[in-house]
Amino acid sequence: MTLFTYVLLGFLIVSALCVSLFKNLLTAVVVFMSYSLVMSVIWMLLESPDLAITEAAVGAGVTSVLFFITLKKLHAIEKRRKPENEQQ
């Protein structure tokens, strides 16, 4: 195994632990998305392009978009608003 492979495997372990430990849901979704992208690179290194494309499209793409939409609907992602009684 090359050094690059060890770095990828280390990143997978660290990102899996971080997703489970983060309290902020938006940060956890972004780390999950990067986890899926690295997993697709590993599938390419294992010479399995069909799984790599599926992981990139579904894992990093569709699933992340669905998570973002869900967080928006749950109001976990909100724009910062000025208080209504604050004078300009």
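Please note which helices (runs of 4 or more DSSP H) are completely contained in the chain and include at least 1 residues that are aromatic (F, W, Y) and at pLDDT 90 or above. Spell out how you get there, then give the answer.
Details: elements: 3-21, 25-45, 49-54, 63-73.
Passing ranges, in order: 3-21, 25-45.
For I13, state whether it is loosely packed, with under 13 Cβ neighbours inside 10 Å and of a type in the set (A, V, I, L, M, F, W, C).
So I13 fits the description; yes.
Considering only the range 59-71, state which residues are surrounded by 13 or more Cβ atoms within 10 Å (Cβ to Cβ) and closer than 19 Å to V38 by Cα.
If the condition is that a residue be surrounded by 13 or more Cβ atoms within 10 Å (Cβ to Cβ) and closer than 19 Å to V38 by Cα, then G59, A60, G61, T63, S64, F67 are the ones that fit.
Please name all residue pairs, on different chains or six or more residues apart, with Cβ atoms under 7 Å, provided the first residue is in the range 51-68 and is without any contact (Cβ under 8 Å) to a residue 12 or more places away in the chain and the second residue is in a helix (DSSP H, G or I).
L51/W43
The values are calculated or read from the model by the stated rules, or taken from the named source; none is laboratory data. In this text the structure is predicted, and so the values were computed from the model without any measurement. Neighbour counts run over all protein chains shown; Cβ positions are idealised from the backbone, glycine included.
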